[in-house]
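Peer 1: Quick one: the structure is below, and I'll ask about it shortly.
The values are calculated or read from the model by the stated rules, or taken from the named source; none is laboratory data. Treat the numbers as computed from the prediction; the structure is a model and nothing was measured. Cβ coordinates were reconstructed from backbone atoms using ideal geometry, including for glycine residues, and neighbour counts include every protein chain displayed. What goes into the accessible areas is simple: the full protein's heavy atoms, side chains included, and nothing from ligands, DNA or RNA. Shrake-Rupley method; radii C 1.70, N 1.55, O 1.52, S 1.80 Å.
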Amino acid sequence: MDKRRSKAVTEAFVRLFKQNLIYRDLRLVNWDCVLRTAISDIEVCKACSQLFQLMYQYFLCNVIACCIQVDYIDIKERSLLKVSGYDKPVEFGVLTKFAYPLEGNIGEIVVTTTRIETMLGDTAIVVHPDDDRYRHFHGKHAIHPFNGRKLPIICDAIIVDPKFGTGAVKVGKRHSLEFINIFTDDRKINSDGGSDFLGMPRFKAREAVTKALKNKGLYRGSENNEMHLGVCSRSNDVVEPMIKPQWYVNCKDLAKQALQTDVDEENIRLEIVPKQYLADWKSLAAIADQSGKPQ
């Protein structure tokens, strides 16, 4: 941008920040490893996109949304797909099971994951508090097979579905646990992922981690897993969830103002066109804070 427009963007950001309409936070974002950029939530959730663009048009008409969109591929079972930057097709639609040995050699706990390479950064294992299979594991620790890190076994009734997979899942940033980022911005394993996997691209690391677990006798098989695979419309890269610092719009205050706007036909201050989106407008109270970047 030229200096005049750049100054205008800076001024707009400062004003919005002072009004508590935008804030910066470290959260899970949709990351494009080729473009090395986060993809805004409004380009990922199409239903939210329509509502959020209505809000922008009414309250923030000078903000222009990013032109990157995520398209989803419905995968019913394990499938080989071509991915940008890889010579061989990559397998998706797979739920992988592997075991963590328990501290004190008292057994093992088998967890399930769709992205086994991310286990290099695991800091805990989560089970449902009412799952009888794991009651005797509550409060105990597992040992990471590649770095020796102690992983507490904790209970969470929200994120764990006892009927999905083994009923035990690996977890990173949650319950005030340490978050270990094992990826570079172009989705290669960094030094925190271990020297055996350092520099490997994400999907090659997936194969290497699987092989290493088999060599240690900890691999417990795989099964078909129905999933929605996000692909960036611009780079054709598979979108990855990553913890990154990002700007967010405080939608709670905006939604409150929107709901206070009189849309009654006898006293119209705001007209929704087409009318079918009037119900959506009135549902703005429940909209989540949205991430994005100034253009």
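Peer 1: Residue check: is Arg220 open to solvent by less than 60 Å² (accessible area, probe 1.4 Å) and within 18 Å of Arg78 (Cβ to Cβ)? Steps first, answer last, please.
Peer 2: Details: open to solvent by less than 60 Å² (accessible area, probe 1.4 Å): no; within 18 Å of Arg78 (Cβ to Cβ): yes.
For Arg220, the condition - open to solvent by less than 60 Å² (accessible area, probe 1.4 Å) and within 18 Å of Arg78 (Cβ to Cβ) - is not met.
Peer 1: A further question on this structure: Pairs, please: C-beta under 8 Å, at least 6 apart or cross-chain, first residue under 19 Å from Ser40 (Cα atoms) and open to solvent by 70 Å² or more (accessible area, probe 1.4 Å) and in the stretch 1-28, second among the charged types (D, E, K, R) and modelled with pLDDT under 90?
Peer 2: So the pair list comes out as Leu26/Lys244; Arg27/Lys244; Leu28/Lys173.
Results for (1) part of a strand (DSSP E or B); (2) over 22 Å from Tyr86 (Cβ atoms), shown as yes or no for each residue.
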position: His136; (1), (2): no, yes
position: Gly139; (1), (2): no, yes
position: Pro145; (1), (2): no, yes
position: Pro152; (1), (2): yes, yes
position: Ala157; (1), (2): no, yes
position: Leu177; (1), (2): no, yes
position: Asp196; (1), (2): no, no
position: Ala212; (1), (2): no, no
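Peer 1: Going through the stretch 69-104 one residue at a time, which ones are aromatic (Phe, Trp, Tyr), over 15 Å from Pro201 (Cβ atoms) and either part of a loop (DSSP other than H, G, I, E, B) or within 21 Å of the chain's Cα centre (by Cα) (or both)? First the steps, then the outcome.
Peer 2: Going through the stretch 69-104, the residues aromatic (Phe, Trp, Tyr) turn out to be 72, 86, 92, 98, 100.
Adding the requirement that they be over 15 Å from Pro201 (Cβ atoms) leaves 72, 92, 98, 100.
Listed by number, the residues that qualify are Tyr72, Phe92.
Peer 1: Also, I was wondering about something else. Would you mind stating whether Ala212 is in contact (Cβ under 8 Å) with a residue 40 or more places away in the chain and more than 23 Å from Trp31 (Cα to Cα)? Show your work before the answer.
Peer 2: Values: in contact (Cβ under 8 Å) with a residue 40 or more places away in the chain: yes; more than 23 Å from Trp31 (Cα to Cα): yes.
Taking the combined requirement at face value, the residue satisfies it.
Peer 1: Could you check, for the stretch 135-153, whether at least one of its residues is surrounded by 15 or more Cβ atoms within 10 Å (Cβ to Cβ), modelled with pLDDT under 90 and closer than 22 Å to Ser222 by Cα?
Peer 2: No, that holds for no residue.
Peer 1: Just give me the residues in the stretch 112-134 being in contact with a helix residue (DSSP H, G or I) (Cβ under 8 Å, 6 or more places away or on another chain) and open to solvent by less than 20 Å² (accessible area, probe 1.4 Å), in sequence order.
Peer 2: Taking the stretch 112-134 first, the residues in contact with a helix residue (DSSP H, G or I) (Cβ under 8 Å, 6 or more places away or on another chain) are 113, 115-117, 119-121, 127-128.
Matches in the stretch 112-134: Thr113, Ile116, Glu117, Met119, Leu120, Gly121, Val127.
Peer 1: Tell me yes or no: at least one residue of the stretch 162-174 is in a loop (DSSP other than H, G, I, E, B), on the phi > 0 side of the Ramachandran plot and surrounded by 15 or more Cβ atoms within 10 Å (Cβ to Cβ).
Peer 2: Yes, some residue in the stretch 162-174 is in a loop (DSSP other than H, G, I, E, B), on the phi > 0 side of the Ramachandran plot and surrounded by 15 or more Cβ atoms within 10 Å (Cβ to Cβ).
Peer 1: Out of the stretch 188-205, which residues are under 25 Å from Leu28 (Cβ atoms), more than 18 Å from the chain's Cα centre (by Cα) and open to solvent by 20 Å² or more (accessible area, probe 1.4 Å)?
Peer 2: Once the filter is applied, which keeps residues that are under 25 Å from Leu28 (Cβ atoms), more than 18 Å from the chain's Cα centre (by Cα) and open to solvent by 20 Å² or more (accessible area, probe 1.4 Å), the stretch 188-205 yields Asn190, Ser191, Asp192, Gly194, Leu198, Gly199, Met200, Pro201, Lys204.
Peer 1: Looking for something more than 25 Å from the chain's Cα centre (by Cα) and of a type outside the set (Asp, Glu) - is there at least one such residue anywhere in the stretch 114-132?
Peer 2: Step one: list which residues in the stretch 114-132 are more than 25 Å from the chain's Cα centre (by Cα), which gives 130-132.
With the extra rule that they be of a type outside the set (Asp, Glu), the set shrinks to none.
Within the stretch 114-132, none of the residues are more than 25 Å from the chain's Cα centre (by Cα) and of a type outside the set (Asp, Glu).
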